[in-house]
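These notes concern the structure reproduced below.
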Amino acid sequence: EKSLYQVIKEDNFKGFEIHYQPIIDINTGKITSAESLLRWYSDELGQIAPSEFIPLAESNGLIIPIDNWVLKNVCKRIKNWYDAGISGLTIAMNLSAVEFNQPDLISKILDLIETNQLDPSCIEIELTESKIMEDVQSAIHTMNELRLLGIKIAIDDFGTGQSSLNYLQNFPVNTIKIDRDFIHDVANNYAKSIITKSMIKMAQELNLRIIAEGVETEAELLFLKQNKCDAIQGYLFSPALPAVEFEKLLFTKK
Ligand code: G
Ligand code: G
Ligand code: MN
Ligand code: NA
């Protein structure tokens, strides 16, 4: 069977596809943005979850070509959407800390923006705090450079790491994404409801956009509406979809 290495280096990412999960404005019910999520379908092994191959790729360095491939293809897709009259959407990408720390990250992104003539504010980079925290000074530096270009930064899985609050104090972020563990059953769980409310309040006072991840039920949605969360993402609305399916949803729900 083909290794991940062969698929990337020899087969030009055969079986890799980028899906898009809509993010919905809680007040208007409309799609305002989407998160790109990588999918890999191997001929021999079938569907392989990113949670299986991303950690492996992070430890053997293959994450760099993978994240570069995602960056390139998402930017191309945004350009195609512009050409089709779809604009004003922000597309979020997950970048591994390994990729985030590459010295040529900024020049690569700048190049993609220029090649595809993109509005940089359409791009959001999602980072999880754990690995970024290993070199705080350099992370802040890179974030500032991205912000200067107009690119947005989101903290993913917020609340699960060891230094979430520290992040907010020191890092120039635009968005925080409440981890789905807090959202699951939030309306019925006292501790989760208090913590989630506090995160929303904090985001509001710091002028940050706050997104709830993993929204699966109407009760969760209602709770988030009542507590003035900005946006939601989750199976209640839609899973991540192939680009063509995502476009169809845009035309019905935008
Ligand atoms: O969609 P799913 O739940 O299977 O994604 C699992 C995890 O894989 C996500 O939380 C995300 O952190 C990671 N992931 C998905 N797509 C990408 C990607 O393009 N690059 C990186 N580095 N991680 C990704
Ligand atoms: O990047 P991050 O770690 O936040 O990845 C988001 C992951 O959550 C993706 O793998 C996506 O498929 C998954 N996901 C998205 N919506 C839901 C949901 O409503 N419930 C659950 N359990 N997972 C979700
Ligand atoms: Mn994410
Ligand atoms: Na998350």
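For Ser198, the shell of other residues with beta-carbons less than 13 Å away shows a net charge of +3, using +1 for Lys and Arg and -1 for Asp and Glu. How about the range 1-108: which GluC sites (Glu not before Pro) there lie in a loop by DSSP and see at most 12 other Cβ atoms within 10 Å? Qualifying residues, ordered by number: Glu1, Glu10, Glu44.
Return the percentage of antiparallel bridges among DSSP beta bridges fully within the chain, rounded to the nearest 5 %.
Details: 16 of 37 bridges.
In the chain, DSSP labels about 45 percent of beta bridges as antiparallel.
Please give the net charge around Ile64, taking every other residue with its beta carbon less than 11 angstrom from that of Ile64, where Lys and Arg add +1 and Asp and Glu add -1.
On the way: positive: Lys108; negative: Glu58, Asp67, Glu99, Asp104.
After counting each charged neighbour, the total is -3.
Relative to the dominant Cα principal axis of the chain, helix 136-149 is inclined by about 90°. For the residue pairs Lys30/Lys108; Lys2/Lys131; Lys108/Lys131, alpha carbon separations beyond 26 Å are given by Lys30/Lys108; Lys2/Lys131. Any aspartates and glutamates with Cα under 13 Å of the Lys228 Cα? List them, leaving off those in the same chain fewer than 8 positions away. Within reach: Asp25, Glu205, Glu220. What does the charge count near Gln169 come to, summing +1 for each Lys or Arg and -1 for each Asp or Glu among other residues with Cβ under 15 Å from its Cβ? Net local charge, Gln169 excluded: -2.
Summing -39500 (n - 2.57) over the DSSP H runs of n ≥ 4 in the chain and dividing by its residue number, what mean residue ellipticity at 222 nm do you reach, to the nearest 500 deg cm²/dmol?
Details: 12 runs with 119 residues, N = 254.
Result for the chain, helices only: -13500 deg cm²/dmol.
The numbers here are math on the coordinates, done by the rules we state, and not lab data. Bear in mind that the values here come from a model prediction, so they are computed numbers and not experimental data. Neighbour counts are summed over all protein chains in view; Cβ atoms, including those assigned to glycine, are modelled from backbone coordinates with ideal geometry.
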